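Accompanying notes for the structure given below.
The values are calculated or read from the model by the stated rules, or taken from the named source; none is laboratory data. Keep in mind that what you see is a predicted model, and the values were worked out from it rather than measured. Here Cβ is always computed from backbone atoms with ideal geometry, including for glycine, and neighbour counts include all displayed protein chains.
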Amino acid sequence: MPDSEALFVLAAPYENVAAAIADLDALEDLYAQSRASRPLDAVVVERDMYGQVLLVEQTHPGKGPQIGLAIGVASTLFPPIGVGAALTVPGGGAAVGAIVGHLHADIPREELDQLAEMLEAAEAGLIVVYDEPVAESVETTVSSDSHTIIRASDVDPYQLVRDAGSLADSVISKK
């Protein structure tokens, strides 16, 4: 696998959380049957009664430096999610910070703002980060008609993990 590869970010708005979770379940089935080079990396978010966007569900099982790029995208779009992720695991703040920093460098701010506005207007949303081999399958599996896809060029997911891991390790070792 090359050091850098095209990664895609799909953001889809939903009228309710159940619809977003149904698509997440369909994606989990897709990944269970495919030979994807990366595990499914997705989150479901929901707008609460106070208008705050909250993390409802995530697929990436990693902790600390490997919390997942979808959490990083959600944290970039909605900073309170990043704060919550940072507080839940040792070194989480460093990991989220490293991922958010890379995403800001790789995806234009206007495109990130577009995703945030679309998801903020919905009751729920799904964010999926995936690579080229599964792109078509992921995009046809998502049922939301108004999903948006952004190509994050030249992202090195392994470098992200190395950067996040180094930062998280230094934070943990100082405690």
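Structure notes:
- Condition met for Leu119 (crowded, with 19+ Cβ neighbours inside 10 Å, modelled with pLDDT of 75 or more and touching a helix residue (DSSP H, G or I) at 6+ places or on another chain (Cβ under 7 Å)): yes
- Picking from residues in the stretch 47-92 that are over 20 Å from Leu10 (Cβ atoms) and hydroxyl-bearing (Ser, Thr, Tyr), the one that is modelled with the highest pLDDT is Tyr50.
- Residues located in the stretch 5-41, provided they are under 16 Å from the mean Cα position of the chain (by Cα) and assigned to a strand (DSSP E or B): Ala6, Leu7, Phe8, Val9, Leu10, Ala11, Ala12, Pro13, Asp41
- Sole exception among (1) modelled with pLDDT of 95 or more; (2) under 17 Å from the mean Cα position of the chain (by Cα); (3) under 13 Å from Ala124 (Cβ atoms) for Val44, by number: (1)
- Every pair of residues 6+ apart whose Cβ atoms lie under 8 Å, when the first sits in the stretch 132-154 and is at positive phi while the second is charged (D, E, K, R): Asp154/Asp106
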